[in-house]
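The values are calculated or read from the model by the stated rules, or taken from the named source; none is laboratory data. Not measured: the values here are computed from a predicted model. Note that we place each Cβ from the backbone using ideal geometry, even for glycine, and neighbour counts take in every protein chain shown. Just so you know, the surface numbers come from the protein's heavy atoms only, side chains and all, with ligands and any DNA or RNA stripped out. Shrake-Rupley method; radii C 1.70, N 1.55, O 1.52, S 1.80 Å.
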Amino acid sequence: MKQTLLSLSNLSKQFSGKTVLDRLDLDIYDGEFITLLGPSGCGKTTLLRLMAGFEHPDHGSITLAGQDLTHTAPENRPLNTVFQHYALFPHMSVFDNVAYGLKMEKRPKEEIRQRVEDVLTMVQLQDFARRKPHQLSGGQQQRVAIARAVVKRPRLLLLDEPLSALDYKLRRTMQVELKRLQRELGITFVFVTHDQEEALSMSDRVVVLRDGAVQQLGTPREVYERPANLFTARFVGETNFFPGTVESVHDGSITVDVFGLKRTLRQPDFTVLEGQKLHVLLRPEDIRVLDPADEQGVAGKIVERNYKGSTLDSVIHLADGTEVLASEFFDEDDPAFDYRLGEPVKVSWVDGWEWLLPEEAG
Ligand code: ATP
């Protein structure tokens, strides 16, 4: 049974009359890695700052382990924050930067040494304790900032885009490390990002936000494979939306007509009527590019091809103007990979991988 650690209830926040958070409810479980994901300006940072106590809500409440924190000062909340632009003390060694908070608490010297060494080992900086921040790489500096935030063993760690200043490769490495660290520490992490790949790969659960309201809350697979609406489908990964019409519904099996192709699938908890128009979502990796002579599929023309190393991505235009994105594993023995721009092809997809959304699910 999952225990709720932080509970946000009916939270609203306005800045100069503009609503930034709108009656938001969210329960965060003890020990989970939860990510707030959404486009710029959707309210991610504001939500984090409310949790930290740097901002106060206009309405609603925040409780942590049953204790009301809504009006508690930031320094009295059992949590810590790591920002994108962390400020390490430049004149202090790595050890002293991490030890700072414990020294302020007047902890015994031996306890401080032990706890700092333990945390530095966890972030793999045990050999860098005597260095100054300027003698470290960006990734190492970020690890010091994280060590400094966790050494006081907060119940909750809030991380506001902590990796976005790092280059691509380092960012990928740090994502894995941060996830491992969170598992080892057992501290609840609330992580903010606008990078959907980062959110999917690191989180136990993802909160998709738009204009200060939760669009979907679920595991990475739920959010990617079963998006609640068109916004989530578009924001989390690339998607094809095909127009579909319900042909028949029988014992929970739905037969849909998509470009004249009939597909039968099951989608629990989704009620449709015969003749209903809907959106059929297919991810680019579900699409198959076939020979034009193939009996299956819809005719189209290749207008773009991008070799990505492990995949070959194509854009195909169908006769009615629909643009189809396809991403296939690269296999040079497959003749389909020799297609050139402008060549006719057929487009099909993996049967049963369609995800249906009502037309109005904007
Ligand atoms: P980003 O990904 O760009 O950081 P975000 O999702 O974190 O965006 P917020 O920083 O929470 O978004 O901002 C949400 C909205 O609130 C924006 O329109 C922003 O301009 C506005 N806002 C945030 N803080 C303030 C403030 N102190 N005063 C006025 N407006 C603010």
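Residue check: is Gln114 within 30 Å of Lys169 (Cα to Cα) and either without any contact (Cβ under 8 Å) to a residue 60 or more places away in the chain or out of contact with any helix residue (DSSP H, G or I) (no Cβ under 8 Å at 6 or more places or on another chain) (or both)? Show your work before the answer.
Values: within 30 Å of Lys169 (Cα to Cα): no; either without any contact (Cβ under 8 Å) to a residue 60 or more places away in the chain or out of contact with any helix residue (DSSP H, G or I) (no Cβ under 8 Å at 6 or more places or on another chain) (or both): yes.
No.
Please give the number of the condition Asp167 fails out of (1) more than 26 Å from Glu225 (Cβ to Cβ); (2) surrounded by 19 or more Cβ atoms within 10 Å (Cβ to Cβ).
With (1) more than 26 Å from Glu225 (Cβ to Cβ); (2) surrounded by 19 or more Cβ atoms within 10 Å (Cβ to Cβ) applied to Asp167, the lone miss is (2).
Within segment 252-284, how many residues turn out to be within 22 Å of Asp320 (Cα to Cα), in contact (Cβ under 8 Å) with a residue 24 or more places away in the chain and open to solvent by 30 Å² or more (accessible area, probe 1.4 Å)?
Final tally of qualifying residues: 6.
Could you tell me whether any residue of segment 287-306 is at pLDDT below 90, among the hydrophobic types (A, V, I, L, M, F, W, C) and closer than 27 Å to Pro227 by Cα?
no
For the condition open to solvent by 60 Å² or more (accessible area, probe 1.4 Å), farther than 19 Å from Val258 by Cβ, without any contact (Cβ under 8 Å) to a residue 12 or more places away in the chain and of a type outside the set (A, V, I, L, M), what is the one hit in Glu295, Glu343, Glu332, Glu304? Steps first, please.
On the way: Glu295 fails: farther than 19 Å from Val258 by Cβ; Glu343 fails: without any contact (Cβ under 8 Å) to a residue 12 or more places away in the chain; Glu304 fails: without any contact (Cβ under 8 Å) to a residue 12 or more places away in the chain.
Only one candidate qualifies: Glu332.
Collect the residues in segment 40-52 that are within 10 Å of the ligand (Cβ to nearest atom), open to solvent by less than 40 Å² (accessible area, probe 1.4 Å) and on the phi < 0 side of the Ramachandran plot, keeping them in residue-number order. Steps first, please.
Within segment 40-52, the first condition is being within 10 Å of the ligand (Cβ to nearest atom), and the residues that meet it are 40-50.
Narrowing further to those that are open to solvent by less than 40 Å² (accessible area, probe 1.4 Å): 42-44, 46-48, 50.
Scanning segment 40-52 gives Cys42, Lys44, Thr46, Leu47, Leu48, Leu50.
Out of all the residues in segment 194-212, which are in contact with a Lys or Arg (Cβ under 8 Å, 6 or more places away or on another chain) and within 16 Å of the ligand (Cβ to nearest atom)?
His194, Glu198, Leu209, Gly212
Output the residues belonging to segment 187-246 that are open to solvent by 40 Å² or more (accessible area, probe 1.4 Å), touching a helix residue (DSSP H, G or I) at 6+ places or on another chain (Cβ under 8 Å) and among the hydrophobic types (A, V, I, L, M, F, W, C).
Residues satisfying the conditions are Leu200, Phe235, Phe241.
Can you find even one residue in segment 53-63 that is within 15 Å of the ligand (Cβ to nearest atom) and farther than 22 Å from Val207 by Cβ? Steps first, please.
So the first thing to find is which residues in segment 53-63 are within 15 Å of the ligand (Cβ to nearest atom), and the list is 53-58.
Applying the additional criterion that residues be farther than 22 Å from Val207 by Cβ yields none.
No, segment 53-63 contains no residue that is within 15 Å of the ligand (Cβ to nearest atom) and farther than 22 Å from Val207 by Cβ.
Please count how many residues of segment 118-164 are open to solvent by 10 Å² or more (accessible area, probe 1.4 Å) and without any contact (Cβ under 8 Å) to a residue 40 or more places away in the chain.
Residues meeting the conditions: 15.
Does Val289 qualify as being open to solvent by less than 50 Å² (accessible area, probe 1.4 Å) and either under 27 Å from Arg23 (Cα atoms) or not assigned by the TED database to the domain that holds Asp334 (or both)? Reasoning before the result, please.
Numbers: open to solvent by less than 50 Å² (accessible area, probe 1.4 Å): yes; either under 27 Å from Arg23 (Cα atoms) or not assigned by the TED database to the domain that holds Asp334 (or both): no.
So Val289 fails the test.
Any residue in segment 36-57 that's among the small types (Gly, Ala, Ser): show its pairings with residues that are assigned to a loop (DSSP other than H, G, I, E, B) and more than 8 Å from the ligand (Cβ to nearest atom) at Cβ separation under 8 Å, as long as the two are six or more apart or on different chains.
Close Cβ pairs satisfying both conditions: Gly43/Asp211; Ala52/Arg77; Gly53/Leu69; Gly53/Thr72; Gly53/Ala73; Gly53/Arg77.
Looking only at residues in segment 5-38 that are open to solvent by 40 Å² or more (accessible area, probe 1.4 Å) and under 25 Å from Gln196 (Cα atoms), which one is nearest to the ligand (Cβ to nearest atom)? Show your work before the answer.
Residues of segment 5-38 open to solvent by 40 Å² or more (accessible area, probe 1.4 Å): 9-10, 14-19, 22-23, 25, 27, 29-30.
Going one step further and asking which of them are under 25 Å from Gln196 (Cα atoms), we end up with 19, 22-23, 25, 27, 29-30.
Details: Thr19: 9, Asp22: 12, Arg23: 16, Asp25: 18, Asp27: 20, Tyr29: 22, Asp30: 25 Å.
Among residues in segment 5-38 that are open to solvent by 40 Å² or more (accessible area, probe 1.4 Å) and under 25 Å from Gln196 (Cα atoms), the one nearest to the ligand (Cβ to nearest atom) is Thr19.
Are any of the residues in segment 217-231 assigned to a strand (DSSP E or B), over 25 Å from Val151 (Cα atoms) and assigned by the TED database to the domain that holds Lys13? Talk me through it step by step, then tell me what you get.
Step one: of segment 217-231, the residues assigned to a strand (DSSP E or B) are 217-218.
If we keep only those that are over 25 Å from Val151 (Cα atoms) as well, we get 217-218.
Then keep just the ones that are assigned by the TED database to the domain that holds Lys13; that gives 217-218.
Within segment 217-231, one or more residues are assigned to a strand (DSSP E or B), over 25 Å from Val151 (Cα atoms) and assigned by the TED database to the domain that holds Lys13.
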